[in-house]
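These notes are about the structure you will find just below.
We did not get these values from a lab; they are worked out from the coordinates using the rules stated. Every value quoted in this text rests on a predicted model; they were computed, and no experiment measured them. As a convention, Cβ positions derive from the backbone with ideal geometry for all residues, glycine included, and neighbour counts pool all protein chains shown.
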Amino acid sequence: MVGKNCFAIASDRRLGVQLQTVATDFQRVFKIHDRLYIGLSGLATDAQTMYQKLVFRHKLYQLREERDMKPQTFASLVSALLYEKRFGPFFCQPVIAGLGDNDEPFICTMDCLGAKELAKDFVVSGTASESLYGACESMYKPDMEPEELFETISQALLSSVDRDCLSGWGGYVLLVTPTEVQEKMLKGRMD
Amino acid sequence: MECVFGLVGKGFAIVAADTSAVHSILVHKSNEDKVMVLDSHKLLGASGEPGDRVQFTEYIQKNVHLYQFRNGIPLTTAATANFTRGELATALRKNPYSVNILLAGYDKGVGPSMYYIDYIATMHKIEKGAFGYGSYFCLSMMDRLYHPDMSIEEAIELIDKCIIEIRTRLVVAPPNFVIKIVDQDGAREYAWRESIKSPDVSMA
């Protein structure tokens, strides 16, 4: 979700195999660099593999270009990597959020084949995506300050995952402003 | 069917597994060891397709030993877990292994740790975990009775409760289990829990 010169990215914490919950502390949001984060929903093994490939490519980019990747460039990289496997895809749906030039927040999401969807307000993915669209649409306001943005995204996440049996077991919110990064765990319904 | 489960206690980790080798309705043997000692301070409990299980776990064991011979120092548990996940992930879209793995190890300075790696290479560090039909019973028992930093006696009591639960409630319950432990003194067999003793084969 985008705020005023800041963004927040949130995920639930469940690792499950269909009906069985295996862990309640699974990390789904990963750091690429200080101002760029990616959340990967979908098949956990593909999310882990994609993350390792992306970190590898970004580190090479840093060595060659001697700077961090811009969010727009990174989104194109993710899209290209996913489309390479067009006929045997990685079953993960990324959500990319970063601060670009002039601290302009950038967010986008993709399907598992790399079809980019840019947005100015919020992007969602995962099993609870329909609920998330509804919750975010009703709770979102443009140009929110960081504290208000954190409240909004937390409420949207918790209320959506409570309606989805495969999501939940707590929440994790990362709030990024030009000066600092805040990580917070959310206490939700543990079921 | 096949059950592998384990937990991390205070300064140690335990992995227990059933010991039946089954082919459709026939039990080939009831003393098949499914928890492999990878090296001095690592245990690998595996369940799944029998051929894949033996093949893959031996492959991991040999590679862990190779690293030690080449570099003079053993791999850490985290590195071993990531290596195992990498092998499973690479094979996943070519010729996948159907093996679920619980990797437990003790590292100096870090202490005991346990990793859950399922057959599609999902890896996660856990304190307690289980695979197979037995997991439905074991995970609930452990959710209720496990707490961090358990002593060995408490942990074995919990493992025994899980085994009793599996024997009572699972329709094709495996009769025998092996329990192995890894702590700062190394990885070793702790006990067997047998309710059917295999007859000794007399030498011809």
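Legend: Rg and Dmax of chain B, from Cα coordinates, 16.4, 51 Å. Would you please classify the overall shape of region B:85-168 from the alpha carbon gyration tensor, given that a ≥ b ≥ c denote the square roots of the eigenvalues, rounded means a/c under 1.5, and beyond that prolate means a/b larger than b/c while oblate covers the rest? Cα axes put region B:85-168 in the oblate bin.
With a/c under 1.5 counting as rounded, go ahead and sort chain A into rounded, prolate or oblate using the C-alpha gyration tensor (a ≥ b ≥ c being the square roots of the eigenvalues; past the cut-off, prolate if a/b is larger than b/c, else oblate). Because a/c hits 1.5 or more and a/b fails to exceed b/c, chain A counts as oblate.
A cysteine counts as unpartnered when no other cysteine's C-beta lies under 4.7 Å of its own; in chain B this applies to B:3.
Among A:176, A:181, sorting on how many other beta-carbon atoms sit within 10 Å of each Cβ, with the fewest leading, yields A:181, A:176.
In terms of surrounding Cβ atoms within a 10 Å radius of their Cβ, B:1, B:123 rank from fewest to most as B:1, B:123. Amide hydrogen proximity for residue B:36: with H placed 1.01 Å from N in the peptide plane, the residues at 5 or more positions away or on another chain lying under 5 Å are B:44, B:45, B:46. What's log10 of I(q)/I(0) for region A:66-117 at q = 0.24 Å⁻¹, Debye sum over Cα points only, no solvent? Each listed q maps to, in turn, -0.84. Between amide H atoms placed 1.01 Å from N, distances below 5 Å from residue B:133 occur with B:2, all of them 5 or more places distant or on a separate chain. Projected onto its three principal axes, the C-alpha set of region A:117-191 covers 36, 25, 19 Å, listed from the longest axis down.
Computed over the protein assembly as shown, the Cα gyration tensor eigenvalues convert (square root of 5λ each) into semi-axes of 42, 23, 19 Å, ordered from largest to smallest. In order along region A:174-191, the Karplus-derived 3J(HN,Hα) couplings, from 6.51 cos²θ - 1.76 cosθ + 1.60 at θ = phi - 60°, round to 10, 10, 10, 10, x, 9, 8, 10, 10, 10, 9, 9, 9, 9, x, 5, 9, 8 Hz, and Gly and Pro are given as x. Ordering B:146, B:119, A:83 from the fewest to the most neighbouring beta carbons within 10 Å gives A:83, B:146, B:119. For region B:45-55, putting each phi into the Karplus relation 6.51 cos²θ - 1.76 cosθ + 1.60 with θ = phi - 60° gives couplings of x, 10, 9, x, 3, x, x, 4, 4, 5, 4 Hz, in residue order, rounded to whole numbers and with x for Gly and Pro. The GluC sites (Glu not before Pro) of region A:80-184 meeting both criteria, a DSSP state outside H, G, I, E and B (loop) and at most 13 other C-beta atoms within 10 angstrom of the site's C-beta, are A:180.
Note: relative contact order over region B:86-164, using C-alpha pairs below 8 Å and six or more positions apart, is 20 percent.
For region A:24-29, the Karplus equation 6.51 cos²θ - 1.76 cosθ + 1.60, evaluated at θ = phi - 60°, returns couplings of 10, 9, 7, 9, 10, 9 Hz by residue, with Gly and Pro reported as x. Diffusion coefficient (Stokes-Einstein, Kirkwood radius over C-alpha pairs, 20 °C, 1.002 mPa s) for region A:149-191: 195 µm²/s, rounded to a whole number.
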